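Undergrad: Sharing a structure here in structure tokens format.
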Amino acid sequence: MNIIKRELKANLKSLLFWIIPLGAVMYAASVEFNAFAGDSAIADAMKQFEFMFKALGSSVADMTKPEGFISIVSLYIYLPLAIYSGLLGSGIVSKEEKDKTAEYLFTLPVKRYEVIRAKLIVAVVYSMVINLAIVGTVYLTYLRFEVSDGYFRFMSNMSLGVFLTQLIFLGIGMLISSVLKQYKKSGSITIGLLMGTFMLSILIGMVDGKLDFLKFVVPFQYFPSADMLAGTFNFGYVIITLVVTLISVVGTFYFYKNRDLHI
Amino acid sequence: MNIYKFELRNLKKSIMIWGLAVPFALVGYMLFYPMMSGDTAAFETLMANFPEEFLAAFGMNPKLPIFSLFGYFSLTFGMIQIPIAIQASNYGFHILSVEERELTADFLLSKPISRRKIFISKIMAAVTSLTIVNILVWVSSIAVIMIVKGEEVVDLTNVNILLSTTALLQLTFFGIGMVISVSIKKVSSVLTFSMALGFGLYIVASLGSILSSGIFKIISPFSHFNPGFILINGKYEWSLAIVSVIAIVVTIPLSYFLYNKRNIASL
């Protein structure tokens, strides 16, 4: 319990450091959105060419409605939150070695798995907090526009979708930190993975349809906002997410137990 | 000179990784270009029927359709700017703060050299590394365009103008990173900072182009060097690029000033 409290305190500053600017940007976007909210000319034009957007595989969301607009900018919710969780996961495990506090921590009468368990709990809780804070901010700031009945459902679906994406990166980040011999590298590798999958995700979107077989390696494509809007979760991807997360967590416990700590 | 050499040696591995990964991603993206040139008729009708601002929100521009070589290149380069910026801010956050983080500040600062000299050597080492990556990106861009262009006749003037912005983009992020690193008490994790700066400003730029919003565009260096604009017009969008230039001119001397006065934590 002490370790949980200690970790909660140690990571609080960086949590706020992420939530506040991100929330501010999301709010600023909603102020700008004001300009074309409910602009019927754009909405009509879009409707007229809906078939074309469909043919091109682009998003058919109506960007003059809050839901449509949020789903277009939703990547900028998925991405930073995934980065946060990935960095948190790799950082929380490796920071004892980085800050040279490993010696202190592991001479305390606690088992290694208890330490990792406490860290895992904190990482999951904070991922949840940032998720609720950001999705909540978006939800509240767009309430002042005309929202449809499905708005709350859409946002809660998205919150879940984002959270599942976060879990994958959190798990991978923790696993990498406990497997790698050099604690310094874990952050870079997690980030490399994030950037690689993010860029792949954009590429898949750009050459629409032709690279769909790559989607399963790109967590950003697992729970696209269009699915969240329709209220469907791709069952296969949910399974992949849970399996990857589970393997990572089990792996973290396993490898950390035998880890040769850098002191 | 010793410090310069030492820093370069330290950065060697990082230069190699970035210098390979960024051109690799760029070439990888561009090689998919031949897959693009399919459904052009539908696209053309779309382009003809929508107002420009609307298309801009989807990252399209009627003068630079995505299925054209330069249109595709402008999207690719827009993506490549992210890792370039992250690398630059990485070095910015890292280079002046590394001694304090790794507890070697006592060693370095007790040497008979002025902080001025340390600062200049470190900056030169970082700029050299960034330039190496810049050159690699430049060469691989031209090479891959030559490969995928097929029968098309291309004029590379605008591409070269676009590629020349890389140095400015790097220096902007490098400068911002440096100023932040010397103004705060401790840079605990370089990556967290550089990711937040790089991706954060990228998100701001994207929202700026979706919303065609002035403020977002002024804040984010990514929109100062918008590939689409430069490839169409063959010149910098100076009204925005000037913000980046000012940022460079302000941040680098300011970091020098702050570093000179900094109370560096010792053992």
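The values are calculated or read from the model by the stated rules, or taken from the named source; none is laboratory data. Quantities reported herein were computed from a predicted structural model and do not represent experimental measurements. Note that each Cβ is placed from the backbone with ideal geometry, even for glycine, and that neighbours are counted across all protein chains shown. Only protein heavy atoms, including side chains, enter the accessible area calculation; ligands, DNA and RNA are left aside. Shrake-Rupley method; radii C 1.70, N 1.55, O 1.52, S 1.80 Å.
Undergrad: Using the Karplus curve 6.51 cos²θ - 1.76 cosθ + 1.60 with θ = phi - 60°, what ³J(HN,Hα) values do you get for each residue of segment A:26-37, in whole Hz, with x for Gly and Pro?
TA: 5, 5, 4, 4, 5, 5, 5, 4, 3, 4, 10, 4
Undergrad: Kirkwood Rh, Cα Rg: Rg to Rh for segment A:152-221?
TA: Across segment A:152-221, the Cα-based Rg/Rh ratio is 1.07.
Undergrad: So if I place +1 on the C-beta of Lys and Arg and -1 on the C-beta of Asp and Glu, and nothing else carries charge, what would the dipole magnitude of the protein assembly as shown be about its Cα centre? I want it in debye, nearest 20.
TA: For the protein assembly as shown, the charge dipole is close to 2700 debye.
Undergrad: While we're here: Near A:Lys5, which lysines are there with a Cα under 18 Å away, not counting those fewer than 8 places off in the same chain?
TA: The qualifying lysines are A:Lys13, A:Lys95, A:Lys111, A:Lys119.
Undergrad: Separation between the B:Ile215 and B:Thr131 pseudo-spin-labels, each 7 Å from Cα along Cα→Cβ, expressed in nm?
TA: 4.0
Undergrad: Would you give the gap between the C-alpha center of segment A:136-180 and the C-alpha center of segment B:184-224, rounded to a whole Å?
TA: When both Cα centres are located, 21 Å separates them.
Undergrad: Additional query: Relative to the longest principal axis of the C-alpha atoms of chain B, give the angle of the C-alpha long axis of helix B:115-148, reported between 0 and 90° and rounded to the nearest 10°.
TA: Long axis of B:115-148 versus the principal axis of chain B: about 20 degrees.
Undergrad: Next question, about the same structure. Which percent of Cα pairs goes in each bin when the distances of chain A are cut into 10 angstrom slices starting at zero?
TA: 7, 28, 31, 20, 10, 4, 1
Undergrad: Total Lys pairs in chain B closer than 21 Å by alpha-carbon, pairs eight or more apart in sequence or interchain only?
TA: 18
Undergrad: Where does helix A:183-206 land angle-wise versus the long Cα axis of chain A, in degrees 0 to 90, nearest 10?
TA: 20
Undergrad: Can I ask one more? From the helices alone, meaning DSSP H stretches of at least four residues, give me the mean residue ellipticity at 222 nm for chain A, per-run term -39500 (n - 2.57), in deg cm²/dmol to the nearest 500.
TA: Computed ellipticity for chain A at 222 nm equals -25500 deg cm²/dmol.
Undergrad: Report the FRET efficiency, 1/(1 + (r/R0)^6), for B:Thr104 and A:Leu108, where r is their Cβ-Cβ distance and R0 is 41 Å, rounded to 0.05.
TA: Here the calculated transfer efficiency is 0.90.
Undergrad: Rounded to two decimals, what is the ratio between the C-alpha radius of gyration of chain B and 2.2 N^0.38 Å?
TA: 1.11
Undergrad: I'd like the Karplus ³J(HN,Hα) series for segment B:237-242: coefficients 6.51, -1.76, 1.60, θ = phi - 60°, whole numbers in Hz, and an x wherever there's a Gly or Pro.
TA: Result, rounded to whole Hz: 7, 4, 4, 9, 4, 4.
Undergrad: Estimate for me the total accessible surface buried between chains A and B (protein heavy atoms, probe 1.4 Å, no ligands or nucleic acids), in Å² to the nearest 100.
TA: In total, this chain pair buries about 3900 Å².
Undergrad: Per-residue ellipticity at 222 nm for chain B, helices alone: DSSP H runs ≥ 4 residues times -39500 (n - 2.57), over residue total, nearest 500 deg cm²/dmol?
TA: Rounded to the nearest 500, the figure is -25500 deg cm²/dmol.
Undergrad: Right, here's the next one. Determine the per residue accessible area of the protein assembly as shown with all protein chains present and a 1.4 angstrom probe, expressed in square angstrom.
TA: 45
Undergrad: Once phi is turned into ³J(HN,Hα) by the Karplus curve 6.51 cos²θ - 1.76 cosθ + 1.60 with θ = phi - 60°, what whole-Hz value does each residue of segment A:248-256 show in order, with x for glycine and proline?
TA: My calculation for segment A:248-256 gives 4, 5, 4, x, 4, 4, 5, 6, 5 Hz in order.
Undergrad: Kindly provide the pair-distance distribution of the protein assembly as shown built from C-alpha pairs, with 10 Å bins from 0 and whole-percent values in order of increasing distance.
TA: In whole percents, the pair-distance histogram is 3, 17, 27, 27, 17, 6, 1, 0.
Undergrad: Let me ask something additional. Calculate what fraction, in whole %, of the accessible area of the protein assembly as shown sits on carbon and sulfur atoms when a 1.4 Å probe is rolled over the protein chains.
TA: Using a 1.4 Å probe with all protein chains present, the protein assembly as shown comes out at 66 percent carbon and sulfur.
Undergrad: If one takes the longest principal axis of the Cα atoms in chain A, at what angle in degrees, from 0 to 90 and to the nearest 10, does the Cα axis of helix A:112-141 lie?
TA: Computed tilt is about 20 degrees.
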